[in-house]
């Protein structure tokens, strides 16, 4: 469905107080109470709706109103397929790239191979979190739980959780493949 310009059954002007506003960035969707709460860089595609609209005047569940709050008032509004709006959000998240919490390196302070794995991730500019399984019992339990869920049994460190894919040891080829083929979460 191609977005089509419409005049919704509510006013889309001013600070938009009283409307439901959903904007997005590289971290996902956010709600706002007024236009001023939305960063200027993220005002092009803002979902708008009014809780005051009667059910018989609402859009079908698979469509949403999207306003361009960068334009002059009244702000132009189009009807988007919900999936098309969700695709814009997914694209913004993908463009932001992986976050540190997406990759976890389970290690021990004495482990030279763990240090090599960390250096490799840094060289590829992959943000990650390091957790020492010898100093932190909760980190060890988390590593064991994730490995078991993936059908794997760690026999040492490093263990790398790359966005839900568990790698036992420092497997440069497997990591390179995951980095090169990373998709948005």
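The values are calculated or read from the model by the stated rules, or taken from the named source; none is laboratory data. Keep in mind that this is a model prediction, so the values were computed, not measured. Note: ideal-geometry Cβ built from the backbone for every residue, glycine included; neighbour counts use all protein chains shown.
Taking residue 179, is it at pLDDT 95 or above and not in a loop (DSSP other than H, G, I, E, B)?
On the way: at pLDDT 95 or above: no; not in a loop (DSSP other than H, G, I, E, B): yes.
No: the conditions fail for residue 179.
Restricting attention to segment 70-90, the residues that are touching a residue at least 40 places away in the same chain (Cβ under 8 Å) and either outside the structural domain of residue 24 (by TED's automatic domain parsing) or under 16 Å from residue 3 (Cβ atoms) (or both) total 11.
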